[in-house]
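All of the numbers you see were taken from the coordinates with simple rules; none came from a lab. Quick caveat, the model's predicted, so the values are computed rather than measured. Ideal geometry is used to build each Cβ from the backbone, glycine not excepted, and the neighbour counts take in all protein chains shown.
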Amino acid sequence: MILFALLIAVACGCGKGEDKKEPVNDPKLLLGFSQIGAESAWRIGNTRDIEEQAENYRVSLMLENANQKQENQIAAIRRFIAYKVDVIAFSPIVEDGWDNVLLEAQKAGIPVILVDRDVSTEQEGLTACVIGADFYREGVMAAEYLLRKADALGLETLHIVEITGTENSTPMRQRQAGFMDTIAGDERMTILESIDGDFLKSRGAECMRSLLESYGDEIDVVYSHNDEMTLGAIPEIEKAGLIPGKDMIIISIDGGQKAIDVLKEGKINCVVECTPKLGKELMETALKLKAGEAVEPVIHPTEQVFSDEQDPNGIAPRGY
Ligand code: AHR
């Protein structure tokens, strides 16, 4: 009885503290989705988009929130297998440690879609595809903005601090690699320190305090891997008596509404877009897999850069 009640709760996508969703009538497919958590406006927007698109496509969604823990994601995937869903999707918090559970899904004959982030497995072919941003390209776009800014201001030395996302996650690895590869060889650029901010606003503030203690006004550039950490860092820069966007060049990634508003105030110089709106691609891909059709192995959305090089008032409302 307890198990039955639990399965009904999971099938409705309603966990503790979440809104109860009406079950989809006559669903076309049962999709189990393990979300990382709710660490950022981006993540909350991503969950909302997936829920909305599931309804649009008449997909019954079993949504589980892992509260930032890999073991919770592994347990959720095992429940989806036991429940015999048609397709499993998940956003892996980190890249490593998925081989066993993915082998279990493969043995059960359930295709797996990676949403937002990628995995690194010993065996190939354990997942059908990945739907998410080109994080390497985002790092390149952030660095290209910085090179243009340095040229425009005629700067000869730039001391950079990097606040990174969750260690060993795909966006952390790729946003760092794309940025570093692009500035490599430019003698104006020096990295003072890279520090792990875990994609959290509170950690962004802590990291910035620690960086200011170590380097003070020597810092010329803050490259932050997401808006949440940037929004945590900015008040710390102000408390230190410095002006973000003027005394320091601030570069962020995501493009949520709050960061765009701060860009309009001039306290952020550049925001590279990372769209959380992956739900439509997810539903279409899951339906194709259920029908036994081939799918693209990698699906990247198109993304843009918002910066002080353009009129920020022309930026349309972001929706997340
Ligand atoms: O994986 C995407 C990243 O995860 C987003 O940049 C960040 O805001 C989120 O938490």
If each residue's Cβ is checked for other Cβ atoms within 10 Å, how do Asp134, Asp247 rank with the fewest at the top?
Asp247, Asp134
Sequence order, segment 186-201: Karplus ³J(HN,Hα) from phi using 6.51 cos²θ - 1.76 cosθ + 1.60, θ = phi - 60°, Hz rounded, Gly and Pro as x, gives 8, 5, 6, 9, 10, 8, 6, 6, 10, 9, 7, x, 6, 6, 10, 4
Scan around Ile253 for amide H atoms under 5 Å from its own, H built in the peptide plane at 1.01 Å from N, and keep only partners 5 or more places away or cross-chain.
Asn226, Asp227, Val272
Which of Ala142, Ala177, Ala89 moves most in a GNM of the chain, Cα contacts under 10 Å?
Ala177
Taking the Cα centre of the chain as the origin and placing charges on Cβ (Lys, Arg +1; Asp, Glu -1), which of Asn67, Asn56, Gln310 is farthest toward the positive end of the dipole?
Asn56
As I understand it, the value is the acute angle between the Cα axis of helix 41-56 and the longest principal axis of the Cα atoms of the chain; what does it come to in degrees, rounded to 10?
30
Based on a Kirkwood Rh over C-alpha pairs, give the Stokes-Einstein translational diffusion coefficient of the chain at 25 °C and viscosity 0.890 mPa s in µm²/s.
119
Segment 256-315 and segment 107-127: distance between their alpha carbon centers, rounded to Å
23
Dipole of the chain, Cα-centred, from +1 at each Lys and Arg C-beta and -1 at each Asp and Glu C-beta, to the nearest 20 debye?
1340
Selection from Ile77, His225, Gly45 lying farthest towards where the dipole of the chain points positive, charges on Cβ
Ile77
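Given a Förster radius of 45 Å and the C-beta distance between Glu124 and Lys246 as r, what FRET efficiency does 1/(1 + (r/R0)^6) yield to the nearest 0.05?
0.35
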Considering only DSSP beta bridges whose two residues both sit in the chain, what percent are antiparallel, to the nearest 5?
5
Explain nothing, just the number: relative contact order of the chain, from Cα pairs under 8 Å at least 6 residues apart, as a whole percent.
17
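To the nearest whole percent, what portion of all C-alpha pairs in segment 45-94 is separated by more than 17 angstrom? Don't skip to the end; give the middle numbers.
Details: 473 of 1225 pairs.
Of all Cα-Cα distances in segment 45-94, 39 percent exceed 17 Å.
Counting helices only, and only those DSSP H runs with n ≥ 4, report the 222 nm mean residue ellipticity of the chain as the sum of -39,500 (n - 2.57) divided by its residues, in deg cm²/dmol to the nearest 500.
Dividing the helical sum by the residues of the chain leaves -13000 deg cm²/dmol.
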Among the listed pairs Lys69/Lys239; Lys28/Lys280; Lys258/Lys288; Lys149/Lys277; Lys149/Lys280; Lys69/Lys267, those beyond 25 Å (Cα-Cα):
Lys69/Lys239; Lys258/Lys288; Lys149/Lys277; Lys149/Lys280; Lys69/Lys267
For Ser194, which sequence-distant residues (separation of 5 or more, or a different chain) have an amide H within less than 5 Å of its own amide H, given hydrogens modelled in the peptide plane?
Glu162
Would you work out the relative contact order for segment 26-66, in percent, from Cα pairs under 8 angstrom that are 6 or more residues apart?
66
What's the angle, to the nearest 10 degrees (0 to 90), between helix 2-11's Cα axis and the longest principal axis of the chain?
60
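Going by C-beta contacts inside 10 Å, put Thr157, Thr190, Thr230, Thr164 in order with the fewest on the left.
With the fewest neighbours first, Thr157, Thr190, Thr230, Thr164 line up as Thr157, Thr190, Thr164, Thr230.
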Whose amide H sits under 5 Å from the amide H of Gly245, counting only residues 5 or more places off or on another chain, with H placed in the peptide plane?
Ile250
Once phi is turned into θ = phi - 60°, what whole-Hz ³J(HN,Hα) does the Karplus curve with 6.51, -1.76 and 1.60 give for every residue of segment 170-179, x standing for Gly and Pro?
4, x, 5, 5, 7, 5, 5, 4, x, 5
Proxy exposure order for Glu138, Glu296 (fewest C-beta within 10 Å first) is Glu296, Glu138
Please compute the length gained on full extension between Glu95 and Asn67, using 0.36 nm multiplied by the number of residues separating them and subtracting their Cα-Cα distance.
8.4 nm
Quick one: angle between helix 70-82 and the longest Cα principal axis of the chain, in degrees between 0 and 90, rounded to 10, please.
20
